[in-house]
Amino acid sequence: MAELAVTIIDVGWGDSIMVESRDDAGDRRFGLIDCNDYERQRTALPFVKRYFERIGRDWQGTAHNFEWVLLTHGHADHARGLKEMMNTFGTTHFWYPKSVASTTYGVLLDFANRSNRVLHHQAVDETKILAAPEVTFHCGMRILWPNFDQIDTENENNNSVVLALTLGQVTIVLTGDAEAENWPQIVGRLPSHTTYLQVPHHGGRNGLFDPNDGTPWLDHLNPRHTRLVMSSHVVPHGHPHPDVVTELSNRRFVSYRTDRNYHLTLSSAGDKVTVGYTHVSGRLPR
Ligand SMILES: [Zn+2]
C-alpha cells in the first residue's frame, strides 16, 4: 500500500519537515524541507538519524539518503542546518527558490557545487515538474509558488517555495513563510482536496492577514475539508500571533501546533490523514 508521512519536527523555532513516501512494494523515499539546526543546538539531525536507525536503514552506508532536500527561503530559521543535513545524509536533488544573493545561499550553493553528497541542484518555481524519471518519489509533488522568474528583493519570505504533496485524495501543502499578500495568486493553484495546510510564517500576523487585513488563503478553505498545522515560534517570536489564533478559532478551523503537540506526523494511505503527536502539557512563557 502506498503511503505518505509528513513530520513537522518541533525544532523550537523555525522549520524542519521530513517527508517519507512508500510505494506498494514498500520502497521508501525521503525528502527534507528546511533545517534550522545550528552547531550548538541540533534537533532535526538527531531526529532523522534516530528515525533511520529505528527503521533499520543503513544510512551511513547510503550515499544519498534523501531523494530531495528543499530550502523554502534563505532565512536562518529555515536554512542554517541544511548544509550539515546534506553533508550527513546526502541528497540526490537540492532545490531552492531563485533569490537574492546572500551569505546563506552562497554557503549552500558552494557546498552543493563542491560536494558529492549533493548530486544535482537547481532553483525551482511553479513551472518546474518534480516527477519521475528525474525524481523518484511515491507521491505527487507540485510547486505552487514562486512564479517563474519572480524574485522579491525586499522580503525574502515572499520567495518561499510552497509545495503541495498529493497521494490519492489527500493533499498536504507546506508553505514556508510565504506572506498573505501573495496568496491571492497562490490559492487558485491549491488542489480542491487540500487536506492539510501549514499556516504560513509560523502563524505570524503577516502570514494570515494581508496589508488590508484580508485573509486570502483562509477565505479559500473550508474547515470541514481542511485542517491546519503550524510550526509555531512562541519563543522568541511570539508566533502564532493572538489575532491569528482568534481568527482560526472563530472560523472553526482545527489546527495543530508544534509548541503544543510536539513533533507532528501526518500519515496517509491516500484516503484520510491520521495525525500523530505527543501532547505537551504546561504553558510556555509568552
Ligand atoms: Zn521562518
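Every number here is computed from the coordinates shown, using simple stated rules; none is lab data. The structure displayed is predicted, hence computed values, not measured ones. Please note: Cβ atoms are built from the backbone with ideal geometry, for glycine as well, and neighbour counts cover all protein chains shown.
Can you tell me which of VAL161, VAL273, VAL69 moves the most in a GNM of the chain? Springs connect C-alpha atoms under 10 Å apart.
Answer for the Gaussian network model of the chain: VAL273.
Just tell me which lysines come within less than 24 Å, Cα to Cα, of LYS272; anything on the same chain fewer than 8 places away is out.
none
At a 10 Å Cβ-Cβ cut-off, how would you order GLU179, GLU134, GLU20, fewest neighbours first? Before the final figure, lay out the partial values.
Values: GLU179 23, GLU134 10, GLU20 20.
By the 10 Å Cβ count, ascending, the order reads GLU134, GLU20, GLU179.
Chymotrypsin sites (Phe, Trp or Tyr not before Pro), restricted to segment 119-199: which are DSSP loop and have at most 12 other Cβ atoms within 10 Å? Walk me through the numbers on the way to the answer.
On the way: sites: PHE137, PHE148, TYR196; in loops: PHE137, PHE148.
Loop-located and lightly packed - PHE148.
Arrange the following residues from fewest to most other Cβ atoms within 10 Å of their Cβ: LYS98, LYS272, LYS83. If you can, show how the numbers build up before the last one.
Values: LYS98 15, LYS272 11, LYS83 20.
Lowest to highest Cβ neighbour count: LYS272, LYS98, LYS83.
I'd like the antiparallel share, as a percent to the nearest 5, of DSSP beta bridges with both residues in segment 3-276. Intermediate results must be reported in sequence, preceding the final value.
Values: 34 of 56 bridges.
Just about 60 percent of them are antiparallel.
Under 17 Å from a label point 7 Å along Cα→Cβ of ASP110: give me every residue in segment 80-94 with its amide N that close.
80-87
With r defined as the distance between the Cβ atoms of HIS237 and ASP27 and R0 fixed at 35 Å, what FRET efficiency is calculated, to the nearest 0.05?
Values: r = 39 Å, r/R0 = 1.12.
The formula returns an efficiency of 0.35 here.
Only Cα pairs within less than 10 Å get springs; with that Gaussian network setup on the chain, which residue of ASN250, ASN116, ASN36 has the largest fluctuation?
Its mean-square fluctuation being the largest, the pick is ASN250.
So which aspartates and glutamates can LYS83 reach, going by Cα to Cα under 13 Å and dropping same-chain residues fewer than 8 places off?
List returned: ASP34, ASP37, GLU39, ASP110.
Contour minus end-to-end for VAL100 and SER249, with contour as 0.36 nm per residue of separation and end-to-end as the Cα-Cα distance? Before the final figure, lay out each step's value.
On the way: separation 149, 0.36 × 149 = 53.64 nm, distance 3.66 nm.
So the chain would gain 50.0 nm between VAL100 and SER249.
Starting from the Cα of LYS128, draw a straight line to each of the lysines and keep only those under 21 Å, dropping any in the same chain fewer than 8 residues away.
LYS98
Using a basic spin-label model with each label point 7 Å from the Cα along Cα→Cβ, how many nm lie between ARG57 and ASN147?
3.7
Roughly what would the spin-label model give for SER267 and ASN155, points 7 Å off Cα along C-beta, in nm?
Here the answer is 3.8 nm between the modelled labels.
Could you tell me which of rounded, prolate or oblate describes segment 3-276, using a ≥ b ≥ c as the square roots of the eigenvalues of the alpha-carbon gyration tensor, with rounded for a/c under 1.5 and, failing that, prolate when a/b is larger than b/c and oblate otherwise? Can you show the working numbers first?
Numbers: a/c = 1.44, a/b = 1.26, b/c = 1.14.
Note, shape of segment 3-276 comes out rounded.
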